[in-house]
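**Q** Let me begin by handing over the structure; questions about it come next.
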Amino acid sequence: YVDDQQQTIYVADYGNHRIIKWKFGERNGEVVAGGNGGGNRIDQLNYPCNVILDRNKKSLIICDVGNRRVVRWSLENQNDRQILIEDISCFGLMMNNKGDLFVSDWRRNEVKRWKKDEKQGIVVAGGNGKGDKLNQLNYPGFIFVDREDSIYVLDCLNHRVMKWLNGAKEGIVVAGGQGQGNSLKQLSYPEGLVVNENGDVFVADFSNHRVMCWSSDSKEGRVVVGGNGQGTRSNQLNNPRGLVFDRANNLYVVDMFNHRIQRFDIDTN
C-alpha cells in the first residue's frame, strides 16, 4: 500500500510475520505491526499477505491469512489492536470511499463486503462453489474496487481476471480466461491486480514473470514490465505477486522471490 501524502509504502512481509513501513529514499524500514514471531496472539501475525490503510489513515487493516482473520492495528497506539473478521481465508483487501471493506475468501471462493460496524458481510462476487462458470471463482486472490463499487477479482486457478458490476449475479472476463499459458491472451497463476482511472487492468502474471496490461475491451494484453525471463536484473522479475500505483502513475511491483519491491514508470497511453 502506497501513502502518497507521507511518501511511504507499507509492505506485508509474509515470511517474517510483520508489516514494514518504508519511507521513500530510506535504506531501512520500520516494523509497524507484528514482528513478535508467527502466532495467534493479538500482538502477533501469522503469514500476513495483504495490508491497506483505513480511509482516515489512522490504522492498518491486515489480512492475517495464517490465523484466518482480518485485523486492525492502530498507527497511533501500538496497544490498540482488534480482530475485525474471523473464520475467513482472506487474501484480497480493499476499502471504498465510504469505508466499506471488501475481502476475498479463497477457501469459500467468494468476495464479501462488510459495511462499517456490520458483523455479517454479504457476498458480492462468487459464492456459488468452486468452478469456472461466470458466477463462480476458483481461488480468488487480490481484488480491486472502483468508484462505482465494481469489483475486479483475480481468479487465480482459472487464470483470469473477472469484473463484477455492482449488484451483478455473475462476472465478466476482463483479462485472460483462455487457459493457462504465456501468449498475450493468457495468464499463468495471476497474483497481483490494480486498475487505473481509464479502466486498464494491470495483472502480475506470476508464473510468466511479467506484468500485463489489458486495455478496456481488449481481447489480449501487452507486457508492460518484465517478460525477459525469470531473473534478478532490473528488467526482470521472479514471480511478481502484488501491484499498486502512486498518484504519479509509478507502478510498484512486489518481486516476490527476489525479496524486493521494484518501481516502474509506466506509459499508460
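The values are calculated or read from the model by the stated rules, or taken from the named source; none is laboratory data. Note that the structure is predicted; figures quoted are calculated from it, not measured. Please note: Cβ atoms are built from the backbone with ideal geometry, for glycine as well, and neighbour counts cover all protein chains shown. Heads up: the accessible areas ignore ligands, DNA and RNA and are worked out on the full protein's heavy atoms, side chains in. Shrake-Rupley method; radii C 1.70, N 1.55, O 1.52, S 1.80 Å.
**Q** Dipole of the chain, Cα-centred, from +1 at each Lys and Arg C-beta and -1 at each Asp and Glu C-beta, to the nearest 20 debye?
**A** Taking the Cα centre of the chain as origin, the dipole is about 380 debye.
**Q** Quick one: what do you get for segment 46-89 if you divide its Cα Rg by 2.2 N^0.38 Å?
**A** Working: Rg = 10.0 Å, N = 44, 2.2 N^0.38 = 9.3 Å.
So the Cα radius of gyration is 1.08 times the expected 2.2 N^0.38 Å.
**Q** Something else now. Over the Cα atoms of segment 124-242, compute the convex hull volume and normalise it per residue, giving Å³.
**A** Numbers: hull volume 10.4 nm³, N = 119.
Roughly 88 Å³ of hull volume per residue.
**Q** Now for a separate question. What are the ³J(HN,Hα) values, in whole Hz, obtained from phi via the Karplus relation 6.51 cos²θ - 1.76 cosθ + 1.60 with θ = phi - 60°, for each residue of segment 116-123 in sequence order, with x given for Gly and Pro?
**A** Along segment 116-123, the couplings run 3, 6, 6, 8, 10, x, 10, 6 Hz.
**Q** Stick to Cα atoms and the Kirkwood definition of Rh, then tell me Rg/Rh for the chain. Don't skip to the answer; put the middle values down first.
**A** Numbers: Rg = 17.4 Å, Rh = 18.5 Å.
The Rg/Rh ratio comes out at 0.94.
**Q** Sticking with this structure for a sec: Carbon and sulfur atoms: what percent of the 1.4 Å accessible area of the chain do they account for?
**A** Carbon and sulfur together cover 41 percent of it.
**Q** Quick one: of K112/K219; K21/K115; K23/K98; K133/K185; K119/K163, which pairs are farther than 24 Å apart, Cα to Cα?
**A** Pairs exceeding 24 Å: K112/K219; K21/K115; K23/K98; K119/K163.
**Q** If only Cα atoms are counted, what is the Rg of segment 129-176, and what is its Dmax, in Å?
**A** When restricted to Cα atoms, segment 129-176 yields Rg and Dmax of 9.7, 28 Å.
**Q** Report the per residue volume, in Å³, of the convex hull enclosing the C-alpha atoms of segment 1-113.
**A** Working: hull volume 11.0 nm³, N = 113.
Once divided by residue count, the hull of segment 1-113 is 98 Å³.
**Q** Might you tell me the accessible area per residue for segment 39-131, computed with a 1.4 Å probe and given in Å²? Kindly include the intermediate steps, with their values, before the conclusion.
**A** Working: 4470 Å² over 93 residues.
Solvent-accessible surface per residue comes out at 48 Å².
**Q** Segment 1-100: which GluC sites (Glu not before Pro) are DSSP loop and have at most 16 other beta-carbon atoms within 10 angstrom?
**A** E26, E76
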